[in-house]
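Colleague: For reference, the structure I am asking about is given below.
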Ligand code: PLP
């Protein structure tokens, strides 16, 4: 097996891929006709047309070459392998002269664009410096005087920060299918609980909890407590039965929804995220915020939100990469969750650190352990070609029958 080792990318290679765009010589891959048409009619955002199918394919090749050169391939933090949209990059480059400024004149515009995109009035939106900041703020606003209820494992930002503040966190183990155990969560939602945290789709498990049951739990819980629904991976979901909880915000319930610029928009380094909640809740959260995205976060996110063609392209490629992984894991006979995100979570039967080391030797950086699922592994979705290389490497690393189902037993 040839390791997926980093290879140097030269400026000449980069230019070659760009010039192929102009010549229209790049294969457009397996785009559906409808998406291809939507992308073409949306028009190029840059002179070289990177958001046309041909342009995106060239962008993909350039990205793959750069990621290899930087190697090992980053598949550990659920980042967007394609990075920010070219239109976002252009907005940032155009705003370059503001780089020494405090504050961001673009924030009101970003708020307006975001409010329109999710269909709420602007007073229902708060922009934060990454959703991690929101998780801290919500702890301060709703957690400090009471206790917190969450499924476990889940995204650790909020519970970890709460415990640092000395807040008691009730962690309800996931159900056997690794979705939220909502019956038990409901029973544990006593008067002592002031804040319920729900991450849907969940990280690290990648799956969504059955929609009707989840919505009924959120709605009922919100009559007894504040509920924060983290929808960081909303944009990658393809399960038609899934819906966002933003409509509950619109209905005036005690629900806060968080979304991020770090995933489909590829802006993790720019620390930009969005909070959707009732105006009185926003008014309680806003004074606790100690920072906000700077000039570049505001400009980049505003451009990216309007670049629906680029988002559609990233989503489609993510689905392709995800399917490659699902097929490979099924072939190996391993249990996995139904990923609705930009990562997969599956049983290997081996301690995660051994899998990590073996994959690193083959050129891939993959996710860490998420106790108690220490013999399951999380791998982020890169480009389809990268996932084909991962799929080819996996049998050598975890091949054969799983050694045990581990302590998780799920
Ligand atoms: N919420 C979830 C569920 C995540 O998985 C992550 C990052 O991986 C975050 C929030 C953090 O997002 P941000 O980059 O906006 O802080």
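Values quoted throughout were computed directly from the atomic coordinates according to the rules given, and no laboratory measurement underlies them. Remember, it's a predicted structure, so these values are computed and weren't measured experimentally. So basically every Cβ, Gly included, is an ideal-geometry build from the backbone, and we count neighbours across all protein chains shown.
Colleague: Among 222, 241, 77, which one shows the biggest mean-square fluctuation in a GNM of the chain, springs joining Cα atoms closer than 10 Å?
Modeller: 241
Colleague: So which residue, out of 301, 369, 309, gets the largest mean-square fluctuation from a GNM of the chain using Cα contacts under 10 Å as springs?
Modeller: 369
Colleague: Follow-up. Using Cα centres only, tell me the gap between segment 102-164 and segment 167-216 in whole Å.
Modeller: 19
Colleague: Counting other beta carbons within 10 Å of each residue's own, what order do 179, 341, 164, 374 fall into, fewest first?
Modeller: Ascending Cβ contact count within 10 Å gives the list 164, 374, 179, 341.
Colleague: Next up: Sort 61, 368 by Cβ crowding within 10 Å, fewest neighbours at the top.
Modeller: 368, 61
Colleague: How far apart, in nm, are the 7 Å Cα→Cβ label points at residue 392 and residue 213?
Modeller: 4.1
Colleague: I've got another one for you. Sum -39500 (n - 2.57) across every DSSP H segment of at least 4 residues in the chain, then divide by the residue count to get the 222 nm mean residue ellipticity, nearest 500.
Modeller: Only helices count here, giving -12500 deg cm²/dmol.
Colleague: Kindly state, to the nearest 0.05, the FRET efficiency for residue 177 paired with residue 365, given R0 = 30 Å and r defined as their beta-carbon distance.
Modeller: Details: r = 28 Å, r/R0 = 0.95.
E between residue 177 and residue 365, to the nearest 0.05, is 0.60.
Colleague: Let me ask something else. Among 270, 299, 140, 288, which comes first, then next, by fewest other beta-carbon atoms within 10 Å?
Modeller: The order, fewest Cβ neighbours first, is 288, 140, 270, 299.
Colleague: Here's something else I'd like to know. Given a cut-off of 24 Å, what percent of all Cα-Cα pairs of segment 262-410 lie beyond it?
Modeller: 47
Colleague: With the alpha-carbon atoms as the only input, what is the per residue convex hull volume for the chain in Å³?
Modeller: Working: hull volume 59.5 nm³, N = 410.
Convex hull volume per residue, Cα atoms: 145 Å³.
Colleague: What three numbers, in Å, describe the spread of the alpha carbons of segment 92-306 along their principal axes, ordered from the longest?
Modeller: Result for segment 92-306: principal-axis Cα extents of 55, 38, 29 Å.
Colleague: Continuing with the same structure: In a GNM of the chain with a 10 Å cut-off on Cα contacts, which of 205, 154, 308 has the highest mean-square fluctuation?
Modeller: 308
Colleague: Please compute the modelled spin-label separation between residue 238 and residue 288, points set 7 Å along Cα→Cβ, answer in nm with one decimal.
Modeller: Calculated label separation equals 3.8 nm.
Colleague: For residue 122 and residue 94, FRET efficiency with R0 = 30 Å and r from the beta-carbon atoms, rounded to 0.05?
Modeller: 0.80
Colleague: Tell me the Kirkwood hydrodynamic radius of segment 210-304 in angstroms, computed as one over the mean inverse distance between distinct C-alpha pairs.
Modeller: For segment 210-304, the Kirkwood estimate is 14.6 Å.
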